[in-house]
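The values are calculated or read from the model by the stated rules, or taken from the named source; none is laboratory data. The structure presented is a predicted model; accordingly, all values stated were derived computationally and were not measured. The area values use the complete protein model at the heavy-atom level, side chains included, leaving out ligands, DNA and RNA. Shrake-Rupley method; radii C 1.70, N 1.55, O 1.52, S 1.80 Å.
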Amino acid sequence: MSLYEIAAEIGRGLLTQLPSALLVALTTAGLTTAGRRRRNRAREERNGESSGG
């Protein structure tokens, strides 16, 4: 196997794994952001009700 063939195999492996890794990273980031927003909103609503009452 030549160096070029080895590099091509490595490149092919990276290309097949990169999309799924990217999808997992984006999904994880999206879920944590959504969860944080939801928690912040819930906390603000609780604080608003307790101080306004």
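Quick notes
- Estimated purely from DSSP H runs of n ≥ 4, each contributing -39500 (n - 2.57), the mean residue ellipticity at 222 nm for the chain is -35500 deg cm²/dmol once divided by its residues.
- Once the 1.4 Å probe is applied to the protein heavy atoms, the chain comes out at 92 Å² accessible per residue.
- Rounded percent of accessible protein surface that carbon and sulfur make up, the chain, 1.4 Å probe: 62 percent
- For the chain, the direction-averaged projected area of the alpha-carbon convex hull comes to 4.1 nm².
- Against the chain, whose longest principal axis comes from its Cα atoms, helix 3-52 is set at around 0 degrees.
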